[in-house]
4 protein chains.
Amino acid sequence: MSGTWGNTIKYTIFGESHGEGVGIIVDHLPPGLELDFSAITKDLQRRRPGNTITATTRNEEDEFEILSGVFNGKVTGAPLCAFIRNTNHQSKDYEKTKDLLRPGHADFTGFIKYKGFHDYRGGGHFSGRLTAALVFAGGIAKQLLAKHHIRFISHIYQIGTICDLSLRELDLSKHDFSDLYSKDFPTIDAAIGPVMQNKVLDVQEKGDSIGGIVETAIMNLPAGIGSPFFDSIESVLSHLVFSIPGVKGIEFGDGFDLAKMRGTEANDEFYVNNGEVRTFTNHCGGILGGISTGMPITFRTAFKPTSSIAVPQKTVNINTLENDFIEIVGRHDPCIVPRALPVVEAAAAMALLDLLSSTY
Amino acid sequence: MSGTWGNTIKYTIFGESHGEGVGIIVDHLPPGLELDFSAITKDLQRRRPGNTITATTRNEEDEFEILSGVFNGKVTGAPLCAFIRNTNHQSKDYEKTKDLLRPGHADFTGFIKYKGFHDYRGGGHFSGRLTAALVFAGGIAKQLLAKHHIRFISHIYQIGTICDLSLRELDLSKHDFSDLYSKDFPTIDAAIGPVMQNKVLDVQEKGDSIGGIVETAIMNLPAGIGSPFFDSIESVLSHLVFSIPGVKGIEFGDGFDLAKMRGTEANDEFYVNNGEVRTFTNHCGGILGGISTGMPITFRTAFKPTSSIAVPQKTVNINTLENDFIEIVGRHDPCIVPRALPVVEAAAAMALLDLLSSTY
Amino acid sequence: MSGTWGNTIKYTIFGESHGEGVGIIVDHLPPGLELDFSAITKDLQRRRPGNTITATTRNEEDEFEILSGVFNGKVTGAPLCAFIRNTNHQSKDYEKTKDLLRPGHADFTGFIKYKGFHDYRGGGHFSGRLTAALVFAGGIAKQLLAKHHIRFISHIYQIGTICDLSLRELDLSKHDFSDLYSKDFPTIDAAIGPVMQNKVLDVQEKGDSIGGIVETAIMNLPAGIGSPFFDSIESVLSHLVFSIPGVKGIEFGDGFDLAKMRGTEANDEFYVNNGEVRTFTNHCGGILGGISTGMPITFRTAFKPTSSIAVPQKTVNINTLENDFIEIVGRHDPCIVPRALPVVEAAAAMALLDLLSSTY
Amino acid sequence: MSGTWGNTIKYTIFGESHGEGVGIIVDHLPPGLELDFSAITKDLQRRRPGNTITATTRNEEDEFEILSGVFNGKVTGAPLCAFIRNTNHQSKDYEKTKDLLRPGHADFTGFIKYKGFHDYRGGGHFSGRLTAALVFAGGIAKQLLAKHHIRFISHIYQIGTICDLSLRELDLSKHDFSDLYSKDFPTIDAAIGPVMQNKVLDVQEKGDSIGGIVETAIMNLPAGIGSPFFDSIESVLSHLVFSIPGVKGIEFGDGFDLAKMRGTEANDEFYVNNGEVRTFTNHCGGILGGISTGMPITFRTAFKPTSSIAVPQKTVNINTLENDFIEIVGRHDPCIVPRALPVVEAAAAMALLDLLSSTY
């Protein structure tokens, strides 16, 4: 049930954090596609630990090997398998504490589901490391979407209580926000980034972690993509976005704020612009009846604080079933949000490509 | 892509608001199951327009006919088809304004997706009327889940800016909340219901509408249900919940509030209780790594204000592609939230049953 | 698992022989399609009992009602549900013998699978009557394929040991065989039809039944349709053809004869004809590596003799688990093959349309 | 559409004959399963070229690497990826003749489907080499089925016009046929093997090839597995068996012979044996209404002659679109059938396991 997703283009993810490596198969790609591997590498670097001052210093190489589906530099159309071999892992760290359930992690739920046979080292198959495979597959999806001029804008919208400007408040047709892509700490308001970073450093010094929100806009998706029951854009996007470890909420357009609004405030009135139907506002996030309006798709993704924290926590020894304490050592990201941007984009790109490919 | 959903038990929805009727096929039910049709009827009544003072007075009968899959009062195991024939509809109302796109509705996106061939009467296949079919199928799913003692608590958490108590703040093991099920306007705090209802009446008098939030807890789901990548509980639940017209946001556990929290606040520490692993708190909403912890699954679903409002709105005539105005006549629910509770439960039950059935 | 099939266009079958009726949902049809219902009715008549001298005289009306998905005479793109209500059935016939397993039927296997809760009347969900739903859906598929000039030739190739000419021996580009479509007993060699019919009558007089083979050619399927692993044309076609009750074998091109052949005999050599690659012969049945060559797709489908025969048979009373005898009364088709042609075409059309729709 | 198959347990195949290697992902295996890798290696050896006197001498190592899903020697439940790296391939052989379509191969159809971008070396993704991945996955499936005592008997039933004894004529309950598994050239009648081998050698000397038939029985499948419409045992088994390169026909039980039979001959009468319902005969191959009867599942699979033959053949240069000739050099199996037995078993095991897992 879990490892394969997609109706038209199918993705199959596999691998573990401290096993041989992580990989993904992408099936039903158009033959002849010339992949820009440097762009994929760029996205993998955006995701990679160690690329910001606060991130974990584990040096993951993230070098992928193409095991199938590419010939003479082009996609053949047969299943493409990419594999990222694990190189830098110290499994012994995990042996000592393997029976102590780390709060916030999947140690307990994985133990139950897999009856104790899961690879517990560094989260195993649950590890955030598998998002490298998502970013790889999403990188391919983004290149296919780019042929339709569909592109992604994402930024750190919130960390703790500190908020960036919102894409909702800006005229997205007047900026291209391409600088966000190359920033180490991508915020729209250049002044807010350092404030957020200080907050993260502050939290980190206390051995604690902090949550945040990624905001994303998808530009140039044509009107008419998606479906009512059961493949609405919201359904398919949320399905994939909630596959990302640590995500606990998603909202489209004005989302939860719509609960407070009146119909007169929330409805996006229509007008004609150069023979095209547009809406004056975009409270619906570019989606009506599960189908794209042609306006930007906007959504916000809430991430919980990193579960690995350096303070002692109450827990249970799953072997002895006795109460115990755990102290998690080693450096961990105090905030996952900066690295999560390319992952959210990847999940969204995979979702959209599937919807686009299954349109009449 | 859109009409069929499910891995183990498959649901296929069909029908239109002003056509012959709406229906749903539920396939792969366990043979011999004795359905409690009165419980399903009860849920259909909870969803039905006209059951609260503020709801639309269109009298939908919602009487379902079983076209297949039941024999001698029991489920056979072959596909079960339920059909609710439309009886009370005035299609002519819609002919006059069929070219005027109703803001907030799927008139425009449906027109584009279906190239102008969709049934535009009353929303057609996009209509909220199809949620009666969801409630039917969800009713079956709830009865199957009840055999595992899994049950649903849902209430109106918010309308406009008025909030009920939250299930997050209550000890769910100490109340059963069964009274919510029979209330016309289900809030936990009895005093807040009338305040909300007055707000809805006030909005209605102005020809306007208002949004809100449904809060749900799923009790007694055993630990170990769900998957990492790509069938997390959050993925599958959100997929189905976003199939409900009008839903624009979902959050699990503390959801968007987690963005503001520290790891020390957000992590749910473990302890042993009578040989079972429990968490002191439930900020994660009963889900870690996409898999159930055994604690209640809690989530909040944001609904936008009803799109049909009585005030004139700017729009476009899709036939002439000229700017125009629309005034929507007829009575419509000023707030969809009270009727949405059984629909959210139905979607969640369908999702959970699929996850439960596909566990080892 | 059983009732829904298809990747792009999804079919969901439901219903029982002696329940309310039988139906099928066809989802993801192109909006605006104008269906030729008279052509579908024609196919239903070809399948209908009573249209040949030897067939059962049960008068099934086979009048379908469109419950959804068609508006103003055109397909909307939302799920299309067609329902054929049962009118002429005498359930009491089946009550008396319900515990006696009819040899060759699914009485025993259905009892085990559905734990005794299946609708046993006239085969219930296993009944050949459900092929009316297949013919309906296949009729739609054929109309969509016809837009690509894809058409079907099928005839009674064999009954007992009596064989018609084979499509393998004829130059399919020189005949259109359209007369087969309107024949009551479609054979290519006009002289062989009466011989076969006499054989069937002879068998019928003895209260016995007889098997046969349907041969089919699919014309004008373009080259490049299908896939290696796991969606070869043979895989997908056989999957659907084996869904037809009574089918026990399928072979493509020279099929089982290829076992006796040499590579020099079996290989179809290539040549260029007007800039197109063709093969001199077509031993492979128009399929290499699971993918169409552009030559006719040819296959043969073996049907077992009708299981309902008028002679006493040894059996078991499933209720008492004692040995017993059964005598099946009532008129039954002594040979299913003449009625099976539109069903085989329907299954093949559904399969091909799905493959065609999922091509890049 | 092509690379992933399965409802409960999902298989995703990838790789090319002369690329990095071939592999398969098996998802949703039961955690804790201890795999007998030596049994899988045994099956890979049965399939391997060079294990019979007549087979190609290309020495494929077939050593698999487990990239994920196994930890401490046991299946974790997360996706299991096995990879067999290519070691012994001479790609240059294929460069010279890459534009000359080999008759009987997928060169032409692959070229069209993949628009000329497929890996043409040695058949690429179409190569019989990918059946090593099937054998690996099928080997796992067989071990899981063995826990239910389900086992496979397969033998070379026919090569050219030379036939072995048929499993249909033998009392399968009285022999276990386990010796077939270790024979290099598995026939039931020990005398017929050498005759067949001489025939193959004779054909080989002429630079030609020859077809044949594999016969298989699946023992101890319990009654009640499978479904009517659309997942009959025949549907699902044939779907996977036709994924094997070179297969052109399949028949269950008496298959095509049923066309010649009467109902009185074909029906399998029931009797009670120690409180269990059995049939005296098994003309239906252990399947009624798509569902297992509890008797052995028997089927025959027809393979065409190996397409690679040493005699000159007419063909087309796909680059210049001119008529040409091709002479295929190198050693090739003159008959694929002896190596095909474990592949047929693997495909059948994968199919059955899926059906078994999706039963109520």
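Since every read-out is calculated from the coordinates, none of them should be taken as a lab result. Remember, it's a predicted structure, so these values are computed and weren't measured experimentally. Cβ: placed from backbone, ideal geometry, glycine included. Neighbour counts: every protein chain shown.
So what's the Cα pair-distance distribution over the stretch D:258-360, bin width 10 Å, in %?
Pairs per bin, as whole percents: 11, 24, 23, 17, 15, 7, 2, 0.
Springs between alpha-carbon pairs under 10 angstrom, Gaussian network model over chain A: which of A:Asp119, A:Asp171, A:Asp27 fluctuates most?
A:Asp171
What span do the alpha-carbon atoms of the stretch A:1-44 cover on each of the three principal axes, reported in whole Å from largest to smallest?
That gives 33, 27, 15 Å along the principal axes, largest extent first.
Take the Cα radius of gyration of the stretch C:174-232 and divide it by 2.2 N^0.38 Å, with N its residue count; two decimals is plenty.
So the Cα radius of gyration is 1.67 times the expected 2.2 N^0.38 Å.
Mean-square fluctuation check for chain D, GNM, Cα pairs under 10 Å: which of D:Val344, D:Val272, D:Val195 is largest?
Taking springs between Cα atoms under 10 Å, the residue moving most is D:Val272.
Residue by residue, what Karplus-based ³J(HN,Hα) values in Hz, rounded to whole numbers, does the stretch A:326-331 have, using 6.51, -1.76 and 1.60 with θ = phi - 60° and x for Gly and Pro?
Per-residue couplings from phi come out as 10, 10, 8, 9, x, 8 Hz.
Who wins for biggest fluctuation among A:Lys147, A:Lys42, A:Lys248 in a Gaussian network model of chain A, springs between alpha carbons below 10 Å?
Of the options given, A:Lys147 has the highest mean-square fluctuation.
Applying the Karplus parametrisation 6.51 cos²θ - 1.76 cosθ + 1.60 with θ = phi - 60° to the phi angles of the stretch D:296-310, what ³J(HN,Hα) value in whole Hz is obtained for each residue in order, glycine and proline being reported as x?
The phi angles translate into x, 7, 10, 8, 10, 10, 8, 10, 7, x, 3, 6, 6, 10, 8 Hz.
From the label point of D:Ser178, set 7 Å along Cα to the beta carbon, how far off in nm is each other copy's matching point, shortest first?
Result for D:Ser178, in nm, nearest copy first: 5.8, 6.4, 7.0.
Please arrange B:Arg129, C:Arg339 by how many other C-beta atoms lie within 10 Å of their C-beta, fewest to most.
Lowest to highest Cβ neighbour count: C:Arg339, B:Arg129.
Can you tell me, using C-alpha contacts under 8 Å and at least 6 residues apart, the relative contact order of chain D as a whole percent?
Contact order relative to length: 22 percent.
Counting only other residues whose beta carbon sits under 13 Å from that of A:Ile291, what net charge do I get with K and R as +1, D and E as -1?
Once all neighbours under 13 Å are counted, the net charge is -1.
Which Rg and Dmax, in Å, describe the Cα atoms of the stretch B:217-268?
When restricted to the Cα atoms of the stretch B:217-268, Rg and Dmax are 13.1, 37 Å.
Once each part is reduced to its C-alpha centroid, what is the distance from the stretch A:214-285 to the stretch C:94-111 in angstrom?
Using only Cα atoms, the two centres lie 54 Å from each other.
Can you give me the Kirkwood hydrodynamic radius for the stretch A:174-314, using every pair of distinct Cα atoms, in Å to one decimal?
Hydrodynamic radius (Kirkwood, Cα only) of the stretch A:174-314 equals 17.6 Å.
Using only C-alpha positions, report the orientation-averaged shadow area of the convex hull of the stretch A:250-316, nm², one decimal.
Its Cα hull, projected and averaged over all orientations, spans 7.9 nm².
Which of B:Cys284, A:Cys163 comes first, and how do the rest follow, when ranked by fewest Cβ neighbours within 10 Å?
Ordered by Cβ neighbours within 10 Å, fewest first: A:Cys163, B:Cys284.
Compute the separation of the alpha-carbon centres of the stretch B:331-360 and the stretch C:185-212 and state it in Å as a whole number.
The two parts, judged by their Cα centres, are 56 Å apart.
Each residue of the stretch D:280-290 in turn: what ³J(HN,Hα) in whole Hz from Karplus with 6.51, -1.76, 1.60 and θ = phi - 60°, glycine and Pro shown as x?
5, 10, 9, 5, 7, x, x, 9, 10, x, x
Is any helix in chain A, taking whole DSSP H runs, at least 18 angstrom long along its axis by alpha carbon and on average at least 1.0 on the Kyte-Doolittle scale, and which ones?
A:131-146, A:337-357
Looking only at the stretch C:163-179, which residues have a backbone nitrogen under 14 Å from a spot 7 Å from the Cα of C:Lys42 in the C-beta direction?
C:177-179
How big is the stretch C:134-257 in terms of Cα radius of gyration and Dmax, in angstroms?
My reading of the Cα-based Rg and Dmax gives 16.0, 49 Å.
At 7 Å along Cα-to-Cβ for each site, give me the label-to-label distance between D:Lys98 and A:Lys98 in nm.
Modelled inter-label distance: 4.8 nm.
Report the closest approach of any chain C C-beta to the axis of the C-to-B rotation: residue and distance, in whole angstrom.
Minimum Cβ distance to the axis, with residue: C:Thr12, 2.
So what's Rg/Rh here for the protein assembly as shown, counting alpha carbon atoms and using the Kirkwood radius for Rh?
We get a ratio of 0.96 for the protein assembly as shown.
Rg over Rh of chain C, using C-alpha atoms and the Kirkwood radius, what does it come to?
That ratio is 0.97, to two decimals.
Once every DSSP H run of n ≥ 4 in the protein assembly as shown is given -39500 (n - 2.57) and the sum is divided by its residues, what mean residue ellipticity at 222 nm do you get, rounded to the nearest 500 deg cm²/dmol?
-7500 deg cm²/dmol
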